[in-house]
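> If you scroll down you'll find the structure; I have some questions about it.
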Amino acid sequence: MSSESGTSVASSSLPSVSQRIASVDALRGFDMMFIMGGDSIGHAMEQMKAAESGVLYVLATQLNHVAWEGFRFYDLIFPLFVFIAGISLVFSLTKIVENEGRAAAVRRVIRRGFLLWFIGVLYYGGWSKSIEGIRLLGVLQRIGLCYLFAGLLFLYCKPRGLLIALGSLLLGYWALLTFIPAPGQDQVSFAEGMNLTNWIDSKYLPFFKWDGTHDPEGLLSTLPAIGTCLLGVFAGMFLRDPRTTGGRKALYLAGAGVAAIVLGHLWGLQFPVIKKLWTSSYVLVAAGWSAVLLAVFYWLIDVKGHARWAVPFIWIGLNPITIYLLGNVMSFDEIMGRVLGGPVKAWADGISQGLGDVLISLGGMGLAVFICYYLHRRKLYIRL
């Protein structure tokens with residue numbers, strides 16, 4: 001999960017890391033911040049009586065995944081990271097090809113893809129419980145597979161070939177789920193446990209599956225997820241294009257993002273927007289919002305030079321793999337509970353029931369940000 005992203009606009013308010021697009025690091029950090037604690041804040045807010053309606057209710061809802069069909073802010077967090085991985089590989093692999101040749105870039109892609117997959121297996125406990133407890137496919141594993149296949153396509157295909165690959169993945173997945181019912185079903189269904197994607201996992205994905213008989217990061221749904229990464233590749237290629245000015249790049253990215261959101265929801269009328277199936281309509285909606293966020297970050301930071309507000313995000317974005325793995329071996333919320341629990345939590349709950357848990361969750365997120373700041377001050381960056 002490398003942080004290599006390209007060449008940035010110089011700014012005295014940014015960390016002194018050369019050859020980067022600062023907005024990409026900042027957007028990655030923004031995304032990681034929610035991975036580190038957004039859901040725990042959402043769950044804590046749900047316990048607050050004040051969150052039964054109004055603004056807090058909306059925030060608590062948006063910081064939790066939708067149960068099955070639909071789209072909330074927290075359903076954007078994972079595909080946004082995959083999208084950013086696509087942007088980053090354009091810059092990093094182009095540089096390797098220019099300096100060392102395509103063979104070296106291919107080796108880099110294969111090595112990094114495998115390492116991400118392997119670390120993902122360890123992240124979920126490896127084989128510590130039993131062989132049957134191994135989770136072969138999960139979040140990091142999906143990122144590794146998307147990086148691997150999107151990276152190889154980028155290295156061997158021209159833009160037209162990449163577009164054909166993207167269309168084949170999204171349309172092919174749509175056709176499979178739309179026209180082929182799961183064995184044992186009389187008709188096609190997109191309901192949980194009654195669709196082709198879940199059936200393939202139940203029959204052909206060995207060992208532990210997150211949702212019992214199937215996995216949200218399973219076998220067949222990895223195909224459209226590669227499409228998410230390819231859309232990031234297109235965004236990265238556009239950012240590298242010297243023929244377009246920075247302001248126009250931001251405008252075109254925002255416009256393309258809005259178009260993808262609209263198209264995705266229209267497609268969703270027939271092929272529902274479902275994160276756990278990573279439906280093609282979900283790919284477009286998530287990539288659309290990702291492009292809009294990229295446009296905003298790029299315009300503010302790299303075009304206008306307003307970067308100070310984003311520095312904490314950049315600290316996180318420079319060390320995403322480190323903070324993600326640390327969150328697996330140590331609970332930031334549990335540590336902050338020892339500081340903000342007891343009398344502090346009781347005092348906060350006296351103001352509004354559940355506020356204490358919200359403070360602990362915010363404290364856990366703050367602790368993670370501080371660790372990233374400390375690593376940056378020490379110039380410690382762990383990359384694969």
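Just so you know, all these numbers are worked out from the coordinates, no wet-lab data involved. For clarity, every value in this text was computed on a predicted model and none was experimentally measured. So basically every Cβ, Gly included, is an ideal-geometry build from the backbone, and we count neighbours across all protein chains shown.
> Are there cysteines in the chain with no other Cys C-beta under 4.7 Å, and if so, which?
Cys157, Cys372, each lacking another Cys Cβ under 4.7 Å.
> Say the dipole of the chain comes from +1 at the beta carbon of Lys and Arg and -1 at that of Asp and Glu; which of Tyr124, Ala67, Trp199 then lies farthest toward its positive end?
Tyr124
> If R0 is 22 Å, what FRET efficiency do you get for Trp347 and Tyr374 from their C-beta distance, rounded to 0.05?
It comes out at approximately 0.15.
> Hey, rough spin-label estimate for Glu100 and Trp68, points 7 angstrom out along Cα→Cβ, what's it come to in nanometres?
Here the modelled spin labels are 4.7 nm apart.
> Students often get this wrong: which residues of segment 179-212 have the backbone nitrogen under 18 Å from the point 7 angstrom along Cα-to-C-beta of Ile131?
Those under the cut-off are 204-209.
> Which of Leu325, Ser88, Tyr282 sits closest to the plus end of the dipole of the chain, meaning its Cα is farthest towards the positive end, when Lys and Arg get +1 and Asp and Glu get -1 on the C-beta?
Ser88
> Using θ = phi - 60° and the Karplus relation 6.51 cos²θ - 1.76 cosθ + 1.60, list the HN-Hα couplings for segment 345-360 in order, rounded to whole Hz, with x at every Gly or Pro.
Values, residue by residue: 5, 4, 4, 5, 5, x, 6, 7, 4, x, 5, x, 5, 5, 4, 5 Hz.
> For segment 22-377, with only Lys/Arg (+1) and Asp/Glu (-1) charged at the beta-carbon, what is the dipole magnitude about the Cα centre, in debye rounded to 20?
Values: 27 positive and 22 negative charges, 273 e Å.
Once rounded to the nearest 20, the dipole reads 1320 debye.
> Could you tell me how far the Cα centroid of segment 179-203 sits from the Cα centroid of segment 31-90, in Å?
Computed from Cα coordinates, the inter-centre distance equals 28 Å.
> I'd like the Karplus ³J(HN,Hα) series for segment 68-83: coefficients 6.51, -1.76, 1.60, θ = phi - 60°, whole numbers in Hz, and an x wherever there's a Gly or Pro.
Residue by residue, segment 68-83 yields 8, 8, x, 8, 10, 4, 5, 6, 8, 4, 5, x, 4, 5, 5, 4 Hz.
> Per residue of the chain, what 222 nm ellipticity follows from adding -39500 (n - 2.57) for every DSSP H run with n ≥ 4, rounded to the nearest 500?
Values: 15 runs with 246 residues, N = 384.
It comes out at -21500 deg cm²/dmol, rounded to the nearest 500.
> Related question: How big is the C-alpha Rg of segment 133-274 next to the rule-of-thumb value 2.2 N^0.38 Å, as a ratio?
On the way: Rg = 17.3 Å, N = 142, 2.2 N^0.38 = 14.5 Å.
For segment 133-274, the normalised Cα radius of gyration comes out at 1.20.
> Scan around Glu69 for amide H atoms under 5 Å from its own, H built in the peptide plane at 1.01 Å from N, and keep only partners 5 or more places away or cross-chain.
Long-range HN contacts for Glu69: none found.
> For Leu269 and Leu115, compute 0.36 nm times the residue count separating them, minus their Cα-Cα distance, and round to one decimal in nm.
Details: separation 154, 0.36 × 154 = 55.44 nm, distance 3.83 nm.
Between Leu269 and Leu115, full extension yields an extra 51.6 nm.
> I'd like to know which of Leu362, Phe114, Leu137 lies farthest towards the positive end of the charge dipole of the chain, counting +1 on Cβ of Lys and Arg and -1 on Cβ of Asp and Glu.
In the chain, that residue is Phe114.
> Just how many % of Cα pairs in segment 22-377 lie over 31 Å apart, if you round to the nearest whole percent? Numbers along the way, then the final one.
Working: 23600 of 63190 pairs.
Taking all Cα-Cα pairs of segment 22-377, the fraction more than 31 Å apart is 37 percent.
> Enumerate the calculated ³J(HN,Hα) couplings along segment 90-106 in order (Karplus 6.51 cos²θ - 1.76 cosθ + 1.60, θ = phi - 60°), each rounded to whole Hz, writing x wherever the residue is Gly or Pro.
3J(HN,Hα) across segment 90-106, in whole Hz: 4, 6, 5, 6, 4, 5, 5, 4, 5, 8, 10, x, 5, 4, 5, 5, 4.
> Over 23 Å between Cα atoms, which of Lys203/Lys276; Lys158/Lys249; Lys275/Lys304; Lys158/Lys276; Lys95/Lys158; Lys249/Lys276 qualify? Present the calculation step by step, with values, prior to reporting the outcome.
Numbers: Lys203/Lys276 17 Å; Lys158/Lys249 21 Å; Lys275/Lys304 34 Å; Lys158/Lys276 31 Å; Lys95/Lys158 17 Å; Lys249/Lys276 32 Å.
Flagged as over cut-off: Lys275/Lys304; Lys158/Lys276; Lys249/Lys276.
> A further question on this structure: What nm distance separates the two modelled labels at Thr61 and Leu325, each placed 7 Å from Cα along Cα→Cβ?
3.9 nm
> Okay, moving on. Arranged from highest to lowest average of other beta-carbon atoms within 10 Å per residue, in what order do the peptides 186-194, 300-308, 279-287 appear?
279-287, 300-308, 186-194
> Ranking request for peptides 322-329, 78-85, 219-226: highest mean number of other beta-carbon atoms within 10 Å first, then the rest in descending order. Intermediate values should be presented prior to the final figure.
Working: 322-329: 16.6, 78-85: 26.4, 219-226: 22.1.
Answer by packing, highest mean first, reads 78-85, 219-226, 322-329.
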